[in-house]
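Novice: Can you read through this structure? Questions will come right after.
Quick note: the coordinates plus some simple rules give every number you see, no bench work behind them. If you're wondering where the values come from, they're calculated on a predicted model, not measured in any experiment. As a convention, Cβ positions derive from the backbone with ideal geometry for all residues, glycine included, and neighbour counts pool all protein chains shown.
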Amino acid sequence: MKKKIKIAFLDRDGVINYSKVKNGYIGKIRDFKWIKGSKKTIKYLKSKNFKVVIVTNQSGVARGYFSINDVYKLHAFLQSELKKYGTKVDKIFFCPFHKDGIIKKYKKNSNLRKPGVGMFLKAKKIWNIDKENSFIIGDQKTDMQFAKKTGIKGYLFNKKNLYKFIIKLNL
């Protein structure tokens, strides 16, 4: 029997970072701003033996606001910034698809898109997930629906400091 792994699923935009971009779609490094306490939170979760996994809808790709390559570059930047802080994210899953997209390749419905459970199923292929002790922190209703559908806890974040928020959860 494989060891059960507790996972902290984190939404990206609105939880780890914010942006002043008018349309709210963050696909370029210049638009990425860390939310206060987010790096510290990731380091803290790692110290509590959580795998930290980002699950993020990135329909900006389908909508033509930025390329899939921009998303990969942004995620490489995110990891390099975390490495400087002495931590990392274990995996980043994202959904570039949207049914209303204008980029043909990405214009479709996808189970990867939250509240679909596709990103959870991808994580499940890698780890034996301890559902009882795993959770998601998100800033949208779809994140809470994702939690419900996957059988993990969901915490709605709409604060200014992620570290203060996580400490109050007393995980």
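Novice: Mind listing whichever residues of segment 42-58 are in contact with a Lys or Arg (Cβ under 9 Å, 6 or more places away or on another chain) and either on the phi > 0 side of the Ramachandran plot or buried (at least 19 other Cβ atoms within 10 Å of the Cβ) (or both)?
Specialist: Those that are in contact with a Lys or Arg (Cβ under 9 Å, 6 or more places away or on another chain) and either on the phi > 0 side of the Ramachandran plot or buried (at least 19 other Cβ atoms within 10 Å of the Cβ) (or both): Ile42, Leu45, Asn49, Phe50, Lys51, Val52, Val53, Ile54, Val55, Thr56, Asn57, Gln58.
Novice: A further question on this structure: Please find, among Gly116, Gly101, Gly154, the residue that is farther than 23 Å from Gly27 by Cα and without any contact (Cβ under 8 Å) to a residue 60 or more places away in the chain. So that I can check it myself, show each step before the final result.
Specialist: Details: Gly116 fails: farther than 23 Å from Gly27 by Cα; Gly101 fails: farther than 23 Å from Gly27 by Cα.
The match here is Gly154.
Novice: In segment 33-70, what residues are within 22 Å of Met119 (Cα to Cα) and among the hydrophobic types (A, V, I, L, M, F, W, C)?
Specialist: Passing the criteria: Ile42, Leu45, Phe50, Val52, Val53, Ile54, Val55, Val61, Ala62, Phe66, Ile68.
Novice: Give me the residue from segment 59-75 that is outside any helix (DSSP H, G or I) and either on the phi < 0 side of the Ramachandran plot or β-branched (Val, Ile, Thr) (or both) and, out of that set, surrounded by the fewest Cβ atoms within 10 Å (Cβ to Cβ).
Specialist: It comes out as Ser67.
Novice: Among what's in segment 16-41 and is in contact with a helix residue (DSSP H, G or I) (Cβ under 9 Å, 6 or more places away or on another chain) and farther than 17 Å from Val71 by Cα, pick the residue that is surrounded by the fewest Cβ atoms within 10 Å (Cβ to Cβ).
Specialist: The selected residue is Lys20.
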